1. Of the residues that sit in region 177-186 and are in contact with a strand residue (DSSP E or B) (Cβ under 9 Å, 6 or more places away or on another chain) and under 16 Å from residue 131 (Cβ atoms), which one is surrounded by the most Cβ atoms within 10 Å (Cβ to Cβ)?
2. Considering each of 210, 199, 174, 148 in turn, give the residue that is on the phi > 0 side of the Ramachandran plot and touching a strand residue (DSSP E or B) at 6+ places or on another chain (Cβ under 6 Å).
3. Just to be sure I understand, how many residues within region 147-169 are surrounded by 15 or more Cβ atoms within 10 Å (Cβ to Cβ) and under 18 Å from the mean Cα position of the chain (by Cα)?
4. Give me the residue from region 24-59 that is loosely packed, with under 12 Cβ neighbours inside 10 Å and not in a strand (DSSP E or B) and, out of that set, modelled with the lowest pLDDT.
5. Within region 13-23, how many residues are touching a residue at least 12 places away in the same chain (Cβ under 8 Å) and surrounded by fewer than 18 Cβ atoms within 10 Å (Cβ to Cβ)?
6. Just for region 74-95: of the residues that are crowded, with 17+ Cβ neighbours inside 10 Å and touching a strand residue (DSSP E or B) at 6+ places or on another chain (Cβ under 6 Å), which one is farthest from residue 200 (Cα to Cα)?
């Protein structure tokens, strides 16, 4: 039996979706609630997964291509980001051309605040932070890089891209490539790498910038508390275990 608060959350999501997409059917699954949209919609299904203590969910058992997963904690605490993700898939997010932006270093507090507001995962501020600022001096996109690791085989350093995101109200056209070019010019890396969860990565962002795509063989498991997502189990024993689809690995070589 769902709690009143969970029912209210599902209702507010349904109200939003009915204003946004043509719903054909709503059904209950063992994982949660499935919203099925009419044919030719940009999104085929949306799975809403409520938090359930000590439950283990394997995404591969229900996930379908061109569908979205919304966790209860995301809709409760980050609904603006869920809406932004849906509107982006529908092509309804205003675009700003990268030519109208300027690449600058971003300090750690500003980066943490930006990520908290605009990224679904917990903030990671890394070692190097490069942002795009518009003509109004507003930060509208951010990339976070790790510190460089020296290679034994070649002279030079390898870096990991830890986070990239746009402001949730905008999409910067060519924004990632502009930041990437500035980083390469400054640091002259011999390798760049990053990871993206399967199912979440539905673009060719990295491939367009010269990255090679492969499948990471490692099992991807994370844990949900009522208001947070963890890459490994911290805190309460009541966390909800998620067996994800795995990661794509992207590599760029200089």
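1. Let us first name the residues in region 177-186 that are in contact with a strand residue (DSSP E or B) (Cβ under 9 Å, 6 or more places away or on another chain), namely 178-184, 186.
Okay, now just the ones that are also under 16 Å from residue 131 (Cβ atoms), so 178-183, 186.
Working: 178: 21, 179: 24, 180: 22, 181: 14, 182: 17, 183: 19, 186: 12.
In this case the residue turns out to be 179.
2. Values: 199 fails: touching a strand residue (DSSP E or B) at 6+ places or on another chain (Cβ under 6 Å); 174 fails: touching a strand residue (DSSP E or B) at 6+ places or on another chain (Cβ under 6 Å); 148 fails: on the phi > 0 side of the Ramachandran plot.
Only one candidate passes the filter, namely 210.
3. Residues meeting the conditions: 9.
4. The first filter runs over region 24-59 and keeps only residues loosely packed, with under 12 Cβ neighbours inside 10 Å, leaving 25, 27-28, 30, 38-40, 53-54, 56.
Remaining after also requiring not in a strand (DSSP E or B): 30, 38-40, 53-54.
Working: 30: 91, 38: 91, 39: 80, 40: 70, 53: 82, 54: 82.
Among those that are loosely packed, with under 12 Cβ neighbours inside 10 Å and not in a strand (DSSP E or B), it is 40.
5. As a first pass, look at region 13-23 and keep what is touching a residue at least 12 places away in the same chain (Cβ under 8 Å): 13-14, 16-17, 20-23.
Of the ones still in play, those that are also surrounded by fewer than 18 Cβ atoms within 10 Å (Cβ to Cβ) are 14, 16, 20, 22-23.
Within region 13-23, residues that are touching a residue at least 12 places away in the same chain (Cβ under 8 Å) and surrounded by fewer than 18 Cβ atoms within 10 Å (Cβ to Cβ) number 5.
6. Applying the filter and picking the extreme gives 93.
Residues are listed down the side, and each one gets a yes or a no for (1) modelled with pLDDT under 95; (2) out of contact with any helix residue (DSSP H, G or I) (no Cβ under 6 Å at 6 or more places or on another chain); (3) under 28 Å from residue 63 (Cβ atoms):
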site	(1), (2), (3)
165	no, no, yes
178	no, no, no
193	no, yes, yes
199	yes, yes, yes
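For (1) within 30 Å of residue 135 (Cβ to Cβ); (2) modelled with pLDDT of 90 or more; (3) touching a helix residue (DSSP H, G or I) at 6+ places or on another chain (Cβ under 9 Å), each residue gets a yes or a no:
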residue	(1), (2), (3)
10	no, yes, yes
14	no, yes, no
20	no, yes, yes
61	no, yes, no
70	no, yes, yes
76	no, yes, yes
83	yes, yes, yes
101	yes, yes, yes
107	yes, yes, no
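The values are calculated or read from the model by the stated rules, or taken from the named source; none is laboratory data. Just so it is clear, the model here is predicted, and its values are computed rather than measured. Positions of Cβ are backbone-derived with ideal geometry, glycine not excepted, and every protein chain shown enters the neighbour counts.
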